[in-house]
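Structure first, commentary second.
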Amino acid sequence: MVVSGKKAPGPRGNWLVGDMESYLADRIRWLRTTRKEYGDIVRLAPGTMVVHDPELAHEILARTNDTYLLETRQLAGRRQRAAAQARLDRWMAMRHGMWQGFAGHLTETHLARQMAQAGPLLDRHAGDDRDLVDRCRATTGRLIVDFCVGGDPAYSTLAEEAAVRADLLFTSAQAALVQQETRHRFLRRPLASAAAKANAELLRFLGDLIAARRTRHHAGPPRDLLDALLQESRPDDTEVIVSVLRMAMFASHGVPGAALAWIVLRLASDPRVREAVRVEAAACPAGGLGLDRLPLTTAFVRETLRMHPPQWLLTRTAMRRTTIGGYRIRPGQEVLISPYLMHRDERFWPRAERFEPERWHGAPTPLRRHTYLPFGSGPRICPGSRLALAHLTLLTARLAADHVIRAPHIDDVDVTCDGLLLPAGVRGGWSEAAT
Ligand code: HEM
């Protein structure tokens, strides 16, 4: 059924920008209250709808690349949408290259290397005098860089440098995004310029690293993503390899760090659960942390991602005319889907506001399918989900087993969600427990 020409229900707001002002003042609150008042499809502004229904949300995500684009900004015009569509094939090809890299034994090889390294890595980032999110991002960022380029011990210093450069790119790009510098070309855009410079430097650095690694041909099973890509490539493929590595290092940089920050806060705030995780992890030797032997820790990580999904809001832009739940959508219109709201919806999750890792034991937990979306879904689903879960489980086990955590109680922490869902301005961290 198509509700011809009818607008989705929602607050009246302003004729030009709808209810955007109230939304921007407190996004999560706005989404919660309007869902209660108007239902599972809410109009936020002319051309922007929010979809809370799991089946419809799943359908939208599944139709990404075909009916919807993942890109959001600057897609109002037909020309911009056509350009985004043209970039898509190249992006999906790179994504495929990265996906190939994740397959096979590469993830296992990397994890075997990191089992014993997770403890020392945490110790290198120990302390409690720094922003918790920065500390966590540096920790998870180092693991990702190991996965991408850390397999050859002869280049371990360069892998360190790659981690620093990836962080610089992430922080400058994030600042440019959050501050929303003007897009007028004639005005200065210092944050965007800094991000562009960091990007160019990372690309150059990766090009040099690839050239160096090519001189030491490795014929055995790939030790990292770079080995895997080099073994599949021709000498003139350098630009593609650089793009894939940059994509993996950039897309995976901030999000796992945000997840780890929420894990630290959860460990600090729930002594009962923390003790259970500690006992489970302590039973596994540091060098041989088999992830299959950590069901409780895995459940802890899954539950943290349920309550605090870093990618708390997914956005899609319609490329063509379509309908959602009977409402017409025109090209250029935006659709928002919130994993955060979905994960805390009592209709799908009993005691949704309570942190209960036990809900992940045994039978599948949500009452309805398509209601757990920390990694998205459809053709643009996160390609790093398995690796990310493994990293977070490993770090959680080591944090609980051998570290003292210093962080405020999670109930006292403010949340920011301008980009990722993050604890706002929290200082904290961990130190090695005295034995
Ligand atoms: C806790 C950790 C992580 C979370 C919660 C997460 C979440 C997500 C989500 C929700 C998306 C889809 C966004 C959308 O549909 O709009 C995504 C995309 C992506 N993720 Fe992750 N991610 C994590 C870790 C990683 C890691 C470790 C990697 C790679 C090593 C990675 C690489 C990517 C890439 C390349 C994309 C873009 C895919 C595309 O646009 O086609 N992520 N991630």
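By how many nm would the segment from residue 386 to residue 409 grow when fully extended, if each residue of separation counts as 0.36 nm and the alpha-carbon distance is taken off?
Values: separation 23, 0.36 × 23 = 8.28 nm, distance 2.88 nm.
Here the answer is 5.4 nm.
At 25 °C and a viscosity of 0.890 mPa s, what translational diffusion coefficient does Stokes-Einstein give for the range 11-132, taking Rh as the Kirkwood radius over Cα pairs? Give it in µm²/s as a whole number.
The estimated diffusion coefficient comes to 128 µm²/s.
Share of Cα-Cα pairs in the range 294-333 beyond 10 Å, in percent?
On the way: 590 of 780 pairs.
The calculated P(r) of the range 294-333 puts 76 percent of pairs beyond 10 Å.
For the pair residue 351/residue 79, report the inter-label distance in nm, with labels modelled 7 Å from Cα in the Cβ direction.
Those two pseudo-labels are separated by 5.8 nm.
Straight-line reach from residue 36: which lysines have a Cα under 21 Å away, not including same-chain ones fewer than 8 places off?
6, 7
Computed over the Cα atoms, what is the radius of gyration of the range 264-331 divided by 2.2 N^0.38 Å, N being its residue count? Let's see the in-between values first.
Values: Rg = 20.3 Å, N = 68, 2.2 N^0.38 = 10.9 Å.
Against the empirical 2.2 N^0.38 Å value, I get 1.86 for the range 264-331.
Among 361, 308, 370, whose mean-square fluctuation peaks in a Gaussian network model of the chain (Cα, cutoff 10 Å)?
361
Quick one: work out Rg over Rh on the C-alpha atoms of the range 101-228, Rh as Kirkwood radius. Spell out each step's value before the answer.
Values: Rg = 17.1 Å, Rh = 16.4 Å.
Over the Cα atoms of the range 101-228, Rg/Rh equals 1.04.
By the scheme Lys and Arg +1, Asp and Glu -1, what is the net charge of all other residues having a beta-carbon under 15 Å from that of residue 19? Walk me through the intermediate numbers first.
On the way: positive: 7, 12, 27, 29, 32, 35, 36, 43; negative: 21, 26, 37, 334.
Taking every other residue near residue 19 into account, the sum is +4.
Assuming R0 = 45 Å, what is the FRET efficiency of residue 283 and residue 88, from their Cβ-Cβ distance, to the nearest 0.05? Don't jump to the answer; show the numbers that get you there.
Values: r = 47 Å, r/R0 = 1.05.
The calculated FRET efficiency here is 0.45.
Taking every pair of alpha-carbon atoms in the range 386-435, what share in percent sits in each 10 Å bin, from 0 to the bin with the longest distance?
Computed distribution, short to long bins: 22, 37, 38, 4, 0.
Expected output is a single nm value to one decimal: the length gained when fully extending between residue 126 and residue 16, i.e. 0.36 nm times separation in residues minus the C-alpha distance. What is it? Spell out each step's value before the answer.
Numbers: separation 110, 0.36 × 110 = 39.60 nm, distance 4.95 nm.
Stretched fully, the residue 126-residue 16 segment lengthens by 34.6 nm.
Please report, for the Cα atoms of the chain, the Rg to one decimal and the Dmax as a whole number; what are they, in angstrom?
According to the Cα coordinates of the chain, Rg and Dmax are 22.2, 69 Å.
Within 10 Å, count the other beta carbons around each residue, average over each peptide in 250-260, 120-130, and list them highest first. Don't skip to the answer; put the middle values down first.
Working: 250-260: 23.1, 120-130: 14.7.
Highest-to-lowest ranking by the protection proxy: 250-260, 120-130.
In Å, what Rg and Dmax follow from the Cα atoms of the range 216-285?
Values for the range 216-285 (Cα only, Rg and Dmax): 19.4, 56 Å.
Given Cα positions, please report Rg to Rh for the range 178-335, the hydrodynamic radius being the Kirkwood one. Could you put the intermediate results ahead of the total?
Details: Rg = 22.5 Å, Rh = 20.8 Å.
Radius of gyration relative to Kirkwood radius: 1.08.
Using a Förster radius of 35 Å, what is the FRET efficiency between residue 217 and residue 29 based on their Cβ-Cβ separation? Nearest 0.05, please.
Details: r = 57 Å, r/R0 = 1.63.
Step by step, r from the Cβ atoms, then E = 0.05.
Please identify, among 368, 359, 43, the residue showing maximal mean-square fluctuation in a Gaussian network model of the chain using a 10 angstrom Cα cutoff.
Residue with maximal mean-square fluctuation among 368, 359, 43: 368.
For the range 358-435, calculate the relative contact order in percent as a whole number, restricting contacts to Cα pairs under 8 Å that are 6 or more residues apart.
Working: 43 pairs, mean separation 17.5, N = 78.
In percent, rounded to a whole number, it is 22.
Please state the equivalent ellipsoid semi-axes for the range 144-216: what are the square roots of 5 times the Cα gyration tensor eigenvalues, largest first, in whole Å?
Working: eigenvalues 187, 31, 10 Å².
The equivalent ellipsoid of the range 144-216 has semi-axes of 31, 12, 7 Å.
Take peptides 411-418, 330-337, 162-169 and line them up by average Cβ neighbours within 10 Å, highest first, as a rough protection proxy. Write down the numbers at each step before the final one.
Numbers: 411-418: 12.9, 330-337: 19.2, 162-169: 21.6.
Most protected by this proxy first, the peptides run 162-169, 330-337, 411-418.
Quick check on the range 312-435: what are the equivalent-ellipsoid semi-axes from the Cα gyration tensor, as sqrt(5λ), descending, whole Å? Intermediate values should be presented prior to the final figure.
Working: eigenvalues 232, 66, 50 Å².
Semi-axis lengths for the range 312-435 are 34, 18, 16 Å.
Can you tell me the FRET efficiency between residue 161 and residue 292 if r is taken as the Cβ-Cβ distance and R0 is 45 Å, rounded to the nearest 0.05? Present the calculation step by step, with values, prior to reporting the outcome.
On the way: r = 34 Å, r/R0 = 0.76.
Calculated transfer efficiency: 0.85.
Relative to the compact-globule scaling 2.2 N^0.38 Å, provide the ratio for the alpha-carbon radius of gyration of the range 117-162.
Values: Rg = 11.3 Å, N = 46, 2.2 N^0.38 = 9.4 Å.
After normalising by residue count via 2.2 N^0.38 Å, the value is 1.20.
Can you pull out the trypsin sites (Lys or Arg not before Pro) in the range 254-342 whose DSSP state is coil and whose Cβ has at most 13 other Cβ atoms within 10 Å? Don't jump to the answer; show the numbers that get you there.
Numbers: sites: 266, 272, 274, 278, 293, 302, 306, 316, 320, 321, 328; in loops: 320, 321.
Of the trypsin sites (Lys or Arg not before Pro), the ones in loops of the range 254-342 whose Cβ has at most 13 other Cβ atoms within 10 Å are 320, 321.
Report the charge-dipole magnitude of the chain in Debye, nearest 20, computed about the Cα centre from +1 at each Lys and Arg Cβ and -1 at each Asp and Glu Cβ.
Numbers: 60 positive and 48 negative charges, 354 e Å.
Roughly 1700 debye for the chain.
Between residue 323 and residue 237, 0.36 nm times their residue separation minus their Cα-Cα distance comes to what?
Values: separation 86, 0.36 × 86 = 30.96 nm, distance 4.13 nm.
Result for the pair: 26.8 nm of gain on full extension.
Taking Cα pairs under 8 Å and at least six residues apart, what relative contact order does the range 34-185 come out at, in percent?
Working: 55 pairs, mean separation 15.1, N = 152.
Across the range 34-185, relative contact order equals 10 percent.
Using only helices, what value at 222 nm comes out for the chain when you add -39,500 (n - 2.57) per DSSP H run of length 4 or more and divide by the total residues, to the nearest 500 deg cm²/dmol? The partial results should precede the final answer.
On the way: 16 runs with 223 residues, N = 435.
Per the formula, -16500 deg cm²/dmol.
Throughout, read-outs are computed from the coordinates displayed, never taken from laboratory work. As the structure is a computational prediction, the values presented were derived from the model and not from experiment. A quick note on method: Cβ atoms are made from the backbone with ideal geometry, for glycine too, and the neighbour counts reach across all protein chains shown.
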